[in-house]
1. Have a look at the chain and give its Rg and Dmax from the Cα atoms, expressed in angstrom.
2. What does the accessible area per residue of the chain come to in Å², with a 1.4 Å probe and no ligands, DNA or RNA counted?
3. Just need the relative contact order of the chain here, percent rounded to a whole number, with Cα pairs under 8 Å and 6+ apart.
4. Can you give me the % of accessible surface on the stretch 117-196 that is carbon or sulfur? Probe 1.4 Å, all protein chains present, nothing else counted.
5. For the chain, what is the charge dipole size about the Cα centre, in debye to the nearest 20, if Lys and Arg each add +1 at the Cβ and Asp and Glu each add -1 at the Cβ?
6. Can you list residues from other chains, or at least 5 along the same chain, whose modelled amide H is less than 5 Å from the amide H of Ala195?
7. 7 Å from Cα along Cα→Cβ at both Gln68 and Ala25: what's the point-to-point distance in nm?
8. At q = 0.20 Å⁻¹, what log₁₀ I(q)/I(0) does a Debye calculation on the Cα points of the stretch 19-122 give, no solvent, two decimals?
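The values are calculated or read from the model by the stated rules, or taken from the named source; none is laboratory data. All of these numbers come straight from a predicted model, not from anything done at the bench. Backbone-built Cβ (ideal geometry, glycine too); neighbour counts: all protein chains shown. When the accessible area is computed, the model is the full protein with side chains, heavy atoms only, and any ligands, DNA or RNA have been set aside. Shrake-Rupley method; radii C 1.70, N 1.55, O 1.52, S 1.80 Å.
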Amino acid sequence: MSTAPSRAEATRARLLDAAVTAFSAKGFHGTTTRDIASAAGMSPAAVYVHHRSKEDLLFLISRAGHQQALDVVREARASSADPVAQVAAVGRAFAEFHAHHHTVARILNYELAALSPEHRAAIDELRTGIDRELRALVADGVAAGAFDTPDPALAATALASMGIDIARWYREDGEWSPAQIGDYYADLALRLVGAR
């Protein structure tokens, strides 16, 4: 059995990559299907052969990116039973995710308003999953006496926010590598929750 993607799957993936490029350069509303097709080296009709709409492309990008972010948080939490090690791992992994995937992450966080109500609801469910993971992480650390923070829910929100913001300012030719950012944000995460 072949594991190579079919031609149609490869074309859909090429269009998704082109949509990421176009949306990151011009924003969702500034991007036309012609821009996406052109970036993929195809005719504008190809977009509609493989995807229902430009908004559907945005949804697919957003769903995959948010699921990946949720998986990153879950895997980092699962890396240790110690709350202090968990919060450091989450701070590092979430920051590195946003640095490595800064182009997609900008789309995930700044183009949400362009999603249809149905698609936005599906994305909000994934975002809520990330929020729940972070809130549980901080609450568990407080309950174990490992963290000292007066508002665990606000600390969890701040933990998410500082990672998300990396996508706004990170540049591949910038001063810091994703690993350097990850190390720094692991330390910030520990301070944020008042790790003992």
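1. Just the Cα atoms of the chain yield Rg and Dmax of 18.7, 60 Å.
2. 52 Å²
3. Result for the chain is 25 percent.
4. 52 percent
5. Dipole magnitude for the chain comes out near 540 debye.
6. It is Asp148, by chain and number.
7. 2.0 nm
8. The Cα Debye sum returns log10 ratios of -0.97.
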